[in-house]
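Rule-based calculations on the coordinates, nothing more; no lab input. Values in this document were obtained by computation on a predicted structure and should not be read as measured data. Counting neighbours? That spans all protein chains shown, and the Cβs are built from the backbone with ideal geometry, glycine included.
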Amino acid sequence: MSDVSLVGQTLGRFEILSELGRGGMAVVYKARQTDLDRIVALKILPPGLTGDQSYIARFRQEARSAARLEHPHIMPIYEVGEVAGYHYIAMKFIQGRTLKQLLQQEGALSVRRAAQILAQVGEALDYAHRQGIIHRDIKPSNVMITDEGWVYLTDFGLARGTGSNSGLTIAGTVMGTPEYMSPEQAQGLPNVGPPTDIYALGVMLYELLTGAFPFKAETPMAMLAARLVHAPIPPRDVRSDLPPAVEDVIMRALARKPEARFATAAEMVAALRQAVGMSESELSRPLTPQRGMPAIGSGLPSPLPTQPAPPLPPTQPASPPPAHSPTTPSPAYVQTPPAPASYPYAAAPTTPAPHPLNVPATPARSTGKGPLVGILVGVIALGLLIGGGIALFVLFRPSSPTPTSLTDTTASFISTGDTALAHAGGLTEAIEAYRKAVAANSDDMTAHAHLAGALLAQGSWSEAIAVTDPLINATDSRAQAIGLGIRGYAYLHLGNRVQARISGERAIKADDNEALGHALYAAVLATDAADSRDNDLMDRAFNAIGSAEDRLAASDPLNQALAHALLGWAFSRDFLLRDDPNTLEQAVSSLEAAIDRFPNLALFHYELGTIYLTTDQDSTLARDELQNALTLDPTFSAAQAALGWLAYRDDQTDAAKQAFQQALQLNPKEGLALFGLGRLAFDDENFEQALDYFQQTIDANPDFASAYAYLGETKLFTGFQNADNETAGDWYSQAEEAYREALNRNDYDAFAYNGLGWILLYQDRYDEAIEALSQALRLDNQNAEIFNGLGWAYFYSNRYSEATTFFQQAIDLNPSYIDAHFGLGRSYEEQGLLTEALAAFQTVKQLDPTYPTIDEVIARVSP
């Protein structure tokens with residue numbers, strides 16, 4: 001095709017920004033749609049091909065086929081048109097890569113990862129087939145995968161209806177990509193149907209797992225001919241570790257006769273699920289975090305009080321209902337949504353638990369407080385007690401010689417600090433000694449590292465970050481790695497996972513041989529994986545764990561202890577994800593190793609107590625370790641606050657309040673305690689008091705992602721309960737800002753994405769709401785309120801078929817979800833499906849006879 005590039009040009013309302021890729025009949029560009037100020041993928045058929053009416057017909061066929069399909073794993077089509085002689089399709093812009101690019105970059109995939117990807121493609125195909133559409137060009141280059149693992153099926157240019165006679169293809173004509181074509185497609189036979197796509201799906205699974213194709217030949221066309229006369233090469237001949245059951249799935253999909261393959265794509269996905277040993281939720285969509293307790297720093301999943309059911313969006317778009325709708329919807333039920341039961345969301349979300357590595361999560365009241373979420377992984381002590389004596393270890397050599405007098409003075413102060421650290425209660429004295437060492441010689445990186453570590457051990461997370469600047473700006477790469485490791489650890493405690501992740505990545509880049517950076521990165525990845533229930537991401541975390549363990553022996557004692565604590569946290573997150581008791585034992589052993597090295601530092605006992613707390617272990621285990629921390633350091637306010645979260649987890653709200661207040665007596669700016677009091681007020685629906693506490697939390701700790709998320713949640717409820725539209729709008733704007741601040745600090749927070757989506761719904765910003773709620777769905781596909789929110793967003797966008805799908809998914813997760821049943825009825829009504837609408841409204845009536853306007857809508861759709 002033409003090599004002419006349109007980058008930098010403007011076509012109608014589209015500013016062409018860059019080229020994304022070229023195919024046999026079109027070029028895809030990244031473009032900005034100026035009238036809606038959004039980024040799109042713009043597929044353009046060049047003028048040189050517009051003289052061929054068959055190309056134009058296929059191009060339009062792609063748009064028509066894809067536009068009919070509304071599914072989470074099919075690339076959304078925004079519009080189709082022609083401008084300046086260019087035919088175009090504007091599609092959703094996906095930040096990611098094709099599956100072909102992923103294979104080229106990473107090679108054959110793990111069985112679990114390949115299964116998760118194929119399952120999403122299979123879901124999309126099964127939906128398309130049920131709509132009467134056959135794709136006919138399934139291959140990795142027609143599958144997009146986001147950085148988070150969400151899959152989109154694209155390029156319906158060869159699609160056709162199961163009973164259509166479009167004239168675009170005829171018997172004897174071979175269309176498709178040879179490596180993936182079925183035998184009947186290769187022969188140009190007229191019986192191309194769902195089995196054709198299932199065959200291609202089998203070839204793709206074969207390639208994902210082996211990096212090869214099931215037939216060998218010198219050319220693609222020879223490979224095409226081979227499938228007509230030869231059996232496929234068994235995939236275990238190429239990759240011997242494949243489970244035999246997985247091979248059976250592939251070989252059945254590659255059966256030469258269509259009737260011998262799986263009857264449907266859904267049947268193939270089910271067979272693959274059984275072969276791999278994964279549950280339906282694990283295999284379908286890869287991401288799902290929990291909402292819950294305040295993470296004491298990093299935001300791990302934990303159960304909290306339930307949230308109220310989300311109210312219906314307050315207004316309806318001004319556009320009139322479709323012509324087939326019998327009557328105009330009553331403004332009463334649209335503008336006067338039912339008051340929230342206790343929250344503006346229906347399904348109880350999960351909120352974070354206290355922890356210096358902050359992550360929110362919140363359980364439903366009906367299920368109790370559930371496991372906490374927080375990252376109380378602490379950091380570090382700097383002296384090593386050996387046989388009653390103090391061993392002073394040097395973290396790294398100064399980058400340049402220092403006058404002897406200064407060196408001696410600095411070393412003396414460091415030695416004094418290390419001696420103080422070896423005794424319970426000596427942390428304050430140690431910090432003072434390290435400050436004097438830094439003052440004596442600001443070029444001594446060991447002094448800076450000891451000071452940063454001691455402040456971290458004290459729980460002075462923000463100050464620890466501040467004093468790492470000299471380390472990070474040093475010329476010594478190991479000093480940089482250690483400084484970044486300490487900084488990232490502190491950010492985890494503060495609740496800013498984004499900065500923690502960045503610090504871990506930078507630490508590894510600065511010095512790949514330092515275990516601390518790898519351990520920090522493992523802790524962050526494992527936390528992200530647990531929140532999103534992403535097994536592949538957890539596998540990446542274990543790779544980082546292995547890298548850290550390989551480097552532990554070469555690390556100084558301080559860094560070993562630090563890494564042990566971080567690895568303990570990472571192991572505990574895997575326990576949350578996969579419920580493997582072995583990894584919980586590894587977590588405890590890692591923390592015990594840190595405690596053995598520095599038995600008189602409160603921090604490591606606090607970290608171990610938090611692991612027991614957040615993994616929902618026996619309360620005595622957590623309480624004992626937290627009390628040990630307070631015995632060693634009675635001023636350790638984070639440990640006292642964690643006792644409050646332990647009581648909160650166990651539904652002992654009075655004890656929780658008392659513990660939080662005691663923590664504030666130790667430290668009036670203890671963010672975990674302020675946040676805890678805010679959560680108690682929020683649970684009691686005392687939103688005015690909750691607002692005050694959440695704002696105090698943020699004032700004390702501007703990095704606490706969970707505090708911003710719950711500030712947004714509280715402002716959402718406050719606005720929802722306000723009768724004045726202008727005032728409510730002001731609250732909604734403030735809530736939106738708070739949710740976005742939360743996501744700036746924790747980009748794995750489904751709770752914040754969900755709240756942001758609902759706030760955007762309330763502001764009639766439906767496209768943005770869909771985007772935010774889709775992000776939430778990628779992180780949590782078990783939360784009915786996210787599906788309900790997407791249902792209303794699509795409903796108000798007049799995309800009723802899509803709305804129907806999401807409302808039904810919400811109901812599948814929560815059959816008593818009244819708002820979702822009502823939304824389902826309205827979506828059916830707008831499509832003229834009055835029998836289905838009546839059934840949905842009657843279900844609402846059964847669940848709640850007083851539901852607003854229910855009698856009116858039943859009368860409206862009744863025969």
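One table, with the values for the structure above:
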{"read-out": "Under 5 Å, built H, 5+ apart or other chain: amide partners of Leu17", "value": "Gly8, Lys30, Ala31, Arg32"}
{"read-out": "Cα centroid of the stretch 111-147 to Cα centroid of the stretch 536-611, whole Å", "value": "38"}
{"read-out": "Highest to lowest packing among 243-253, 412-422, scored as the average C-beta count within 10 Å", "value": "412-422, 243-253"}
{"read-out": "Where N is the number of residues in the stretch 618-660, Cα Rg divided by 2.2 N^0.38 Å", "value": "1.06"}
{"read-out": "Protection-proxy order for peptides 140-151, 737-748, each taking the mean of Cβ atoms within 10 Å per residue, highest first", "value": "737-748, 140-151"}
{"read-out": "Fewest-first sequence of Lys715, Lys216 by Cβ atoms within 10 Å of each Cβ", "value": "Lys216, Lys715"}
{"read-out": "Expected-Rg normalisation [2.2 N^0.38 Å, Cα atoms] applied to the stretch 742-863", "value": "1.08"}
{"read-out": "Rough spin-label spacing in nm, given labels placed 7 Å along Cα→Cβ, for Arg540 and Asp147", "value": "0.9"}
{"read-out": "In Hz, Karplus ³J(HN,Hα) per residue of the stretch 461-474 (6.51, -1.76, 1.60; θ = phi - 60°; x = Gly, Pro)", "value": "4, 5, 5, 4, 4, 4, 7, 7, 3, x, 5, 5, 8, 6"}
{"read-out": "Alpha carbon centroid spacing (whole Å) that separates the stretch 734-749 from the stretch 639-656", "value": "26"}
{"read-out": "Peptide ranges 768-779, 533-544 listed from the most packed, as the mean C-beta count within 10 angstrom indicates", "value": "768-779, 533-544"}
{"read-out": "Calculated FRET efficiency for the pair Glu688/Ser862, C-beta based, R₀ 56 Å, to 0.05", "value": "0.80"}
{"read-out": "Modelled FRET efficiency - R0 22 Å, Asp550 with Gln105, Cβ distances, 0.05 increments", "value": "0.40"}
{"read-out": "For Glu79, distant residues with modelled amide H under 5 Å away", "value": "Ala90"}
{"read-out": "Kirkwood hydrodynamic radius over Cα pairs of the stretch 384-633, then Stokes diffusion coefficient at 10 °C and 1.306 mPa s, in µm²/s", "value": "88"}
{"read-out": "Estimated vicinal HN-Hα couplings, Hz - the stretch 261-276 in sequence order (Karplus 6.51, -1.76, 1.60; Gly, Pro = x)", "value": "7, 4, 5, 9, 5, 4, 5, 5, 4, 5, 5, 5, 4, 5, 5, 7"}
{"read-out": "Kirkwood hydrodynamic radius (C-alpha pairs) into Stokes-Einstein, the stretch 565-646, 10 °C and 1.306 mPa s, D in µm²/s", "value": "129"}
{"read-out": "Net charge, Ile595 excluded, C-beta distance under 12 Å - Lys, Arg +1, Asp, Glu -1", "value": "-3"}
{"read-out": "Distance in nm between pseudo-label sites at Glu82 and Glu218 (7 Å out along the Cβ direction from Cα)", "value": "4.4"}
{"read-out": "Estimated vicinal HN-Hα couplings, Hz - the stretch 730-741 in sequence order (Karplus 6.51, -1.76, 1.60; Gly, Pro = x)", "value": "4, 5, 5, 5, 5, 5, 4, 4, 5, 4, 5, 5"}
{"read-out": "Additional length obtainable on full extension of the chain from Val238 to Glu267, 0.36 nm per residue less Cα span", "value": "7.9 nm"}
